[in-house]
Amino acid sequence: MILTLTRLLNAIWSFCFPRFCPGCAVEMTPYEDPCCLSCQSQLAFTHFEKYPINPVFQKMQLLLPVEYAATMIYWEDDAVIQKIIHQLKFGGQESLGSWLGSLLGQRLQKSPFKSCTAIVPLPLHVKKQKIRGYNQNQKVCEQLAEWLNIPLLENAVFRSKNTVQLSNHYHIDRFKEMKSAFQLNLDLDLKAPHWLLVDDVLTTGATLQSCGQALLQYPNAKLSIVTLASRM
Ligand SMILES: [Zn+2]
């Protein structure tokens, strides 16, 4: 009787407030959150966090000195992960950041990334953040900090240059555009931090290189990098 009543209430709730999957736009059941089970099953996890030497580490190591580097999910154009990250960044679906941060935290819990001492979300320029209303990396990092029990330092570095949309640039131009785009916060009081820099998508690595260089200006600092997804 109670079960039937619960189902009835769920059906009424879904009818009045339908929720659509950010991955495939199909209406979700009350038990699916924040995307449908079919889309969740399509996420292609890399498992790179288990292996200190992996393709993302090898790529980032060419750009700056990193202790560890990994990405959680293989990026594919038009795949579920692209649609989910698009909704996170441009569709106002901030809660997707918390969900992805939780998935990432669970994976990094038993990995070398646990030795990091401060989590840093890659910052947006203040103007861009004002338009978007939030920094998607901040939402990811809030969950990550809880799972790893590592402090979140959202003000460790800031974006001093409002760069143009990089997807329209050729590879070499991206590095030029990103040069000196970030500045370290000089008011920090830390001892030899091991930064864990977090971004949504790794493409050329130009943005992460620029931000990582700013963080490495801190005395005796070490740097590790993780992203939600990466083009391979
Ligand atoms: Zn879906």
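Points to keep in mind about this one:
- Residue in the stretch 82-102 that is in contact with a Ser or Thr (Cβ under 8 Å, 6 or more places away or on another chain) and surrounded by 18 or more Cβ atoms within 10 Å (Cβ to Cβ) present: no
- Residue check, Thr71 more than 16 Å from the ligand (Cβ to nearest atom), under 13 Å from the mean Cα position of the chain (by Cα) and among the polar types (S, T, N, Q): yes
- Test: residue in the stretch 101-109 that is within 16 Å of the ligand (Cβ to nearest atom) and either of a type in the set (A, V, I, L, M) or touching a residue at least 12 places away in the same chain (Cβ under 8 Å) (or both): yes
- For Lys110, the criteria (1) among the charged types (D, E, K, R); (2) modelled with pLDDT under 95; (3) under 24 Å from Trp195 (Cβ atoms); (4) under 17 Å from the mean Cα position of the chain (by Cα) hold in every case but one, which is (4).
- Only residues that are in a strand (DSSP E or B) and either modelled with pLDDT of 95 or more or buried (at least 21 other Cβ atoms within 10 Å of the Cβ) (or both) were counted in the stretch 144-158, giving 2.
- Looking across Leu215, Leu186, one residue alone is more than 26 Å from Glu76 (Cα to Cα), among the hydrophobic types (A, V, I, L, M, F, W, C) and surrounded by fewer than 19 Cβ atoms within 10 Å (Cβ to Cβ). It is Leu186.
- Failed criterion for Cys35 (all others in (1) surrounded by fewer than 21 Cβ atoms within 10 Å (Cβ to Cβ); (2) within 14 Å of the ligand (Cβ to nearest atom) hold): (1)
Residue-wise test of (1) surrounded by 14 or more Cβ atoms within 10 Å (Cβ to Cβ); (2) part of a loop (DSSP other than H, G, I, E, B); (3) near the ligand (Cβ under 10 Å from one of its atoms).
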| residue | (1), (2), (3) |
| --- | --- |
| Pro18 | no, yes, no |
| Pro22 | yes, yes, yes |
| Ala25 | no, yes, yes |
| Pro30 | yes, yes, no |
| Gln40 | yes, no, yes |
| Leu43 | yes, yes, no |
| Glu49 | yes, no, no |
| Ile53 | no, yes, no |
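- Enumeration of residues in the stretch 117-143 that are part of a loop (DSSP other than H, G, I, E, B) and hydrophobic (A, V, I, L, M, F, W, C): Leu122, Leu124
- Residues of the stretch 184-232 that are basic (Lys, Arg) and assigned to a loop (DSSP other than H, G, I, E, B): Lys191, Arg231.
- Residue check for Gln58: more than 18 Å from the chain's Cα centre (by Cα), outside any loop (DSSP other than H, G, I, E, B) and more than 16 Å from the ligand (Cβ to nearest atom): yes
- Unique residue being more than 16 Å from the ligand (Cβ to nearest atom), assigned to a helix (DSSP H, G or I) and within 15 Å of Ser224 (Cβ to Cβ) when the list is Lys114, Lys89: Lys114
- Count of the stretch 189-209 residues, restricted to those that are of a type in the set (Ser, Thr, Tyr), surrounded by fewer than 22 Cβ atoms within 10 Å (Cβ to Cβ) and under 15 Å from the mean Cα position of the chain (by Cα), is 1.
The values are calculated or read from the model by the stated rules, or taken from the named source; none is laboratory data. Since the structure is predicted, the reported quantities are computational estimates derived from the model, not experimental observations. Quick reminder, even Gly has a Cβ in these numbers, built from the backbone with ideal geometry, and neighbours come from all protein chains shown.
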